[in-house]
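Report on the following structure.
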Amino acid sequence: MSDDTFINQVMDGLKEQGVLMMPDGFIDQLIITLHANVTIINTMTQLAEIEVKMLGSLLPTGSRQVESLKELSKNIAEIAFNVEDVRNDQR
């Protein structure tokens, strides 16, 4: 049995017993906060893209910064969707 399978079995067992239940208000606020973070990071990404265009070769790490921000935004969005799934499972 892999570690992921074992962890999923334990988590499912705890959910079935109601141990992992979180208040809806907390989950809703967490989802709102995560989506707000994605919005802010997307804005920062747009600003970084403009900066790279304006400064070009003067900013050698600019394109890496843009890619890093895009990846961070994607990861946070995935977390938000996973939290939404947890909320929906609890209901």
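The values are calculated or read from the model by the stated rules, or taken from the named source; none is laboratory data. Since the model is a prediction, treat every value here as computed from it, not as a measurement. Cβ coordinates were reconstructed from backbone atoms using ideal geometry, including for glycine residues, and neighbour counts include every protein chain displayed.
For Leu55, the test of being touching a helix residue (DSSP H, G or I) at 6+ places or on another chain (Cβ under 9 Å), farther than 22 Å from Ala77 by Cβ and loosely packed, with under 14 Cβ neighbours inside 10 Å is passed. Looking across the stretch 33-78, not a single residue is in contact with a Leu (Cβ under 8 Å, 6 or more places away or on another chain), of a type in the set (Asp, Glu) and modelled with pLDDT of 90 or more.
Answer with yes or no whether Ile7 is β-branched (Val, Ile, Thr), in contact with a helix residue (DSSP H, G or I) (Cβ under 7 Å, 6 or more places away or on another chain), assigned to a helix (DSSP H, G or I) and modelled with pLDDT under 85. Before you say what the answer is, go through the steps one by one.
Details: β-branched (Val, Ile, Thr): yes; in contact with a helix residue (DSSP H, G or I) (Cβ under 7 Å, 6 or more places away or on another chain): no; assigned to a helix (DSSP H, G or I): yes; modelled with pLDDT under 85: yes.
So Ile7 does not fit the description; no.
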